[in-house]
Amino acid sequence: MKPELQLFWIAVGLYGVSTFSYIFGLIARQEKLFTLGLFSALAGFLPHVGVIALRWSATGISPFISISESITLGTFMTVLIFLIFQFSTKKLRPLGVLVMPVAFVLLGWAGTLMKDVASTLAPALQSGWIWVHIVGASAGFASVLIAAGLGLLYLLKEKNSGGLYEKLPDLAAIDDLSYRFISGGFILYGLMIVSGCFWSNQVKGNYWNWDPVEVWSLVSWLTYGIYLHLRITFGWRGRKLAWYALIALVAMIVSYWGIPFSVETFHSGFRIEHT
Amino acid sequence: MDTPTPSPADNQPEQEAYPVEPRYHPIHKIPRKIYDFLASARLAMVLLVTILACCISGVTLWRGAEAGRMVFGALWFNSILVLLVVNIACCFFGRIWGRRVTLISFGMILFHLCFVSVLLGVVYNSLFYFRGIIRLTEGEALPSGDPRSYDSYEQGRFFSFSRLKGETTLIKMHAGFKIGGEDKRAAYEVAVGEGGDRSKGIIYITHKLSHHGVDYFNDREGYSLLVILSDNQGRELYGGHVPLQSIRQKNGSFKYSTGYRDGETVKQDVILFPPPPDKPLVALQLGYILSKLKERSGDAEFALFPLDLNDKPLFNMKIAEGKSPIGNKFAAGNYQILAKEVRYWVGMTVRYEPGNAIVLPSLWVGLAGMMITTIGRILRGRRKRI
Ligand code: HEM
């Protein structure tokens with residue numbers, strides 16, 4: 001196996017360890033397992049960074065183009081933000097119980113879709129906007145995933161009491177934090193869409209074409225726009241929004257990686273028929 | 001459990017009842033009823049959810065062009081979008097009216113204002129835009145302001161062709177164009193305008209040419225053969241460039257031939273030669289087999305058919321069929337035919353979109369508005385905690 005692939009599967013393996021530590025930690029109410037979960041996530045993150053660096057240095061082409069690269073970057077951003085958040089606040093230790101399984105499954109899935117690195121970058125992608133675009137997309141995904149994780153903690157704390165749950169911040173604080181991450185995700189998705197519009201305008205002279213990837217990104221954005229209005233204008237709080245954040249996350253994963261790439265779109269390579 | 005208990009960070013200066021109701025009412029009775037309808041937060045939710053549902057159906061139930069016809073291009077869908085913006089205008093601004101301007105509300109105002117200005121930009125654009133496809137062979141110039149220069153075009157009600165002055169010229173097409181080590185594949189050297197007011201430049205996929213607000217983008221390119229038809233004494237009857245389509249073969253390679261585009265596929269076909277409005281003499285099927293050794297050389301393939309009185313090809317009475325190197329004559333019954341040289345043709349998209357100057361900056365301002373609101377909230381959260 002190539003060193004790149006070895007690193008990749010080591011990362012997946014360690015995220016797997018992290019996933020099971022978090023889940024069993026929650027079931028067995030063993031906080032030590034959360035510590036194990038956190039540190040195996042950190043340990044998995046290092047080879048994860050290594051994979052991206054290796055792919056990048058192999059060709060000099062930013063490795064965020066194919067679907068598996070896109071998922072690899074999305075999970076990279078998720079684990080990065082998760083780790084920063086966990087090491088800066090100690091209060092939400094079980095947060096990984098949603099974040100890490102999602103990262104584990106997605107990265108494993110990316111592994112099965114992996115192709116050789118492209119040797120050239122399609123001309124249309126040779127633009128600085130690609131950076132703004134992919135950072136917005138991946139960090140937006142990371143934010144709403146963490147928000148959903150907080151939603152799950154909210155629901156768990158509401159149902160259970162004692163021990164581990166006592167140590168969590170109170171419900172209103174979890175709810176508020178989840179809302180913060182949703183707002184952040186909403187802005188980042190906005191950044192992704194606006195930069196995509198600019199980029200498309202530069203390449204094709206139109207900023208919006210209702211192509212499937214554009215529509216799916218609008219779907220995710222509207223979904224969270226509706227969340228914000230339910231909260232601000234209609235005063236929803238707590239349980240309902242926690243469920244909303246969880247369900248919206250599923251929609252997000254499907255729309256983000258499941259569907260757009262299975263159809264011919266502007267994003268699936270750029271047509272130049274002439275060779 | 002779900003009683004609205006605003007978290008500390010959300011406490012407005014005044015206590016609110018949910019849903020927040022408009023505070024500004026213009027007049028009473030009927031206008032008031034219409035206003036209340038347009039300004040209701042419930043309408044906003046219904047519209048947002050409806051749009052969401054339409055978007056989802058437009059990428060699942062219907063796909064591609066069909067989705068455009070059924071949903072995104074349909075009048076009813078666009079009416080919903082317009083209604084949404086009117087709703088934003090009434091609902092949001094009715095509510096925010098008279099409220100103290102804080103960082104939070106300022107950001108929100110910017111943000112919702114941008115929705116309105118995006119719509120205005122889109123409407124303005126739809127009245128004045130022009131989008132066309134112009135196809136040129138190297139060395140060819142076409143009058144920019146003549147609708148016949150375009151393969152196809154669409155325009156806003158108030159667009160005037162007099163805006164497109166002078167000529168559009170394709171000077172040269174550069175295959176395998178590289179810039180700063182990046183392979184741009186194809187670049188077109190073009191000039192537009194008239195007299196001293198001309199813009200000249202190279203366009204490739206991430207680089208357009210602009211001339212007085214009109215943008216030129218590269219779209220597609222192909223080969224074109226200069227074909228000369230003579231009688232069998234060698235007297236020239238007609239000469240002209242014949243653009244060829246690239247037809248993808250099963251093995252992934254391309255065949256270059258006369259033909260036409262049928263949706264996504266290209267079909268091989270004959271053309272009338274000379275092409276109308278001149279009086280056609282034969283039906284010609286032309287192909288080009290490029291040489292791997294030298295650019296713009298190789299062989300031309302010919303098939304010639306006679307025409308009946310209505311200029312319909314008589315396919316069962318083929319005059320001749322064969323192949324000859326570029327620059328060499330080919331004898332075909334009473335005619336001689338010559339593919340004299342190979343050039344490129346290119347198709348460029350020509351766009352005049354004046355509304356974009358409103359829409360695109362609005363998007364950024366809107367994004368900034370969202371950030372300002374969020375920063376405002378974070379700051380307020382901090383202050384509360386201290
Ligand atoms: C039907 C159109 C819309 C109406 C009537 C509307 C109305 C409102 C109102 C009344 C507020 C709260 C202001 C306040 O009372 O403090 C608000 C906030 C907001 N709206 Fe809208 N809005 C509309 C469309 C949108 C859309 C399409 C989006 C984006 C998806 C959006 C994003 C936001 C955001 C981000 C906030 C601030 C939320 C926060 O404070 O975090 N709005 N809107």
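Values for this structure:
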{"read-out": "Enumeration of residues in the stretch A:31-45 that are among the hydrophobic types (A, V, I, L, M, F, W, C) and touching a residue at least 24 places away in the same chain (Cβ under 8 Å)", "value": "A:34, A:38, A:41, A:42, A:43, A:45"}
{"read-out": "Answer from B:337, B:378 - the residue that is away from chain A (no Cβ under 13 Å) and among the β-branched types (Val, Ile, Thr)", "value": "B:337"}
{"read-out": "Subset of the stretch B:96-115 (residues that are at pLDDT 85 or above, more than 7 Å from the ligand (Cβ to nearest atom) and either within 11 Å of chain A (Cβ to nearest Cβ) or in contact with a Phe, Trp or Tyr (Cβ under 6 Å, 6 or more places away or on another chain) (or both))", "value": "B:107, B:114"}
{"read-out": "Options B:346, B:282, B:342, B:350; residue that is under 30 Å from residue B:114 (Cα atoms) and of a type in the set (Val, Ile, Thr)", "value": "B:350"}
{"read-out": "Hey, residue A:183 within 12 Å of chain B (Cβ to nearest Cβ), under 17 Å from the mean Cα position of the chain (by Cα) and within 16 Å of residue A:237 (Cα to Cα) or not", "value": "yes"}
{"read-out": "Test: residue in the stretch B:125-136 that is surrounded by fewer than 20 Cβ atoms within 10 Å (Cβ to Cβ), more than 14 Å from every other protein chain (Cβ to nearest Cβ) and away from the ligand (no atom under 16 Å from the Cβ)", "value": "yes"}
{"read-out": "Verdict on residue A:195 being away from the ligand (no atom under 16 Å from the Cβ), surrounded by 23 or more Cβ atoms within 10 Å (Cβ to Cβ) and touching a residue at least 24 places away in the same chain (Cβ under 8 Å)", "value": "yes"}
{"read-out": "Test for residue B:62: is it under 24 Å from residue A:216 (Cα atoms), away from chain A (no Cβ under 14 Å), more than 16 Å from the ligand (Cβ to nearest atom) and of a type outside the set (Val, Ile, Thr)", "value": "no"}
{"read-out": "Enumeration of residues in the stretch A:1-37 that are within 23 Å of the chain's Cα centre (by Cα) and of a type in the set (Asp, Glu)", "value": "A:4"}
{"read-out": "Residue match in the stretch B:36-44 (condition: farther than 30 Å from residue A:211 by Cβ, polar (S, T, N, Q) and at pLDDT below 75)", "value": "no"}
{"read-out": "Residue satisfying all of: in the stretch B:31-53; at the interface with another protein chain (Cβ under 10 Å from one of its Cβ atoms) and within 14 Å of the ligand (Cβ to nearest atom); nearest to residue A:252 (Cα to Cα) among these", "value": "B:52"}
{"read-out": "Output for the stretch B:346-362, where each listed residue is surrounded by fewer than 21 Cβ atoms within 10 Å (Cβ to Cβ), within 10 Å of chain A (Cβ to nearest Cβ) and of a type in the set (A, V, I, L, M, F, W, C)", "value": "B:360"}
{"read-out": "Condition met for residue B:94 (small (Gly, Ala, Ser) and touching a residue at least 12 places away in the same chain (Cβ under 8 Å))", "value": "yes"}
{"read-out": "Residue within the stretch A:226-235 that is facing chain B (nearest Cβ under 7 Å) and modelled with pLDDT of 90 or more present", "value": "yes"}
{"read-out": "Residues of the stretch A:209-236 satisfying the condition of being of a type outside the set (Gly, Ala, Ser) and more than 24 Å from the chain's Cα centre (by Cα)", "value": "A:209, A:232, A:233, A:234, A:236"}
{"read-out": "Residue count for the stretch A:213-243, restricted to those that are in a helix (DSSP H, G or I) and either near the ligand (Cβ under 10 Å from one of its atoms) or more than 15 Å from residue A:254 (Cβ to Cβ) (or both)", "value": "19"}
{"read-out": "Hey, residue A:54 part of a helix (DSSP H, G or I), over 19 Å from the mean Cα position of the chain (by Cα) and within 18 Å of residue A:145 (Cβ to Cβ) or not", "value": "no"}
{"read-out": "All positions within the stretch B:217-233 that are within 14 Å of residue B:342 (Cβ to Cβ) and within 14 Å of chain A (Cβ to nearest Cβ)", "value": "B:221, B:222, B:223, B:224"}
{"read-out": "Boolean, residue A:189 is within 16 Å of the ligand (Cβ to nearest atom) and more than 9 Å from chain B (Cβ to nearest Cβ)", "value": "yes"}
{"read-out": "Where residue B:252 falls short, out of the listed (1) away from every other protein chain (no Cβ under 12 Å); (2) not in a strand (DSSP E or B)", "value": "(1)"}
{"read-out": "Residues satisfying the stated conditions in the stretch A:76-97, i.e. without any contact (Cβ under 8 Å) to a residue 60 or more places away in the chain and buried (at least 18 other Cβ atoms within 10 Å of the Cβ)", "value": "A:86, A:95"}
{"read-out": "Flag for residue B:9 being within 27 Å of residue A:240 (Cβ to Cβ), out of contact with any strand residue (DSSP E or B) (no Cβ under 8 Å at 6 or more places or on another chain), within 11 Å of the ligand (Cβ to nearest atom) and at pLDDT below 75", "value": "yes"}
{"read-out": "Set B:247, B:205: member being in contact with a helix residue (DSSP H, G or I) (Cβ under 7 Å, 6 or more places away or on another chain), of a type in the set (Val, Ile, Thr) and without any contact (Cβ under 8 Å) to a residue 40 or more places away in the chain", "value": "B:205"}
{"read-out": "The stretch B:259-289: number of residues that are within 14 Å of residue B:302 (Cβ to Cβ), at pLDDT below 90 and polar (S, T, N, Q)", "value": "1"}
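To keep it simple, each residue is scored yes or no on (1) within 15 Å of residue B:230 (Cα to Cα); (2) part of a loop (DSSP other than H, G, I, E, B); (3) of a type outside the set (S, T, N, Q); (4) not assigned by TED's automatic domain parsing to the domain that holds residue B:65.
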site	(1), (2), (3), (4)
B:261	no, no, yes, yes
B:267	no, no, yes, yes
B:272	no, no, yes, yes
B:277	no, yes, yes, yes
B:285	no, no, no, yes
B:292	no, yes, yes, yes
B:296	no, yes, yes, yes
B:310	no, yes, no, yes
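Here is a yes/no grid of residues against (1) in a helix (DSSP H, G or I); (2) modelled with pLDDT of 85 or more; (3) surrounded by fewer than 17 Cβ atoms within 10 Å (Cβ to Cβ):
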site: B:23; (1), (2), (3): no, no, yes
site: B:34; (1), (2), (3): yes, no, yes
site: B:49; (1), (2), (3): yes, yes, yes
site: B:53; (1), (2), (3): yes, yes, yes
site: B:59; (1), (2), (3): yes, no, no
site: B:66; (1), (2), (3): yes, no, yes
site: B:71; (1), (2), (3): yes, no, no
site: B:76; (1), (2), (3): yes, yes, yes
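The values are calculated or read from the model by the stated rules, or taken from the named source; none is laboratory data. Here the structure is a predicted model, which is why all the values come from computation and not from measurement. Positions of Cβ are backbone-derived with ideal geometry, glycine not excepted, and every protein chain shown enters the neighbour counts.
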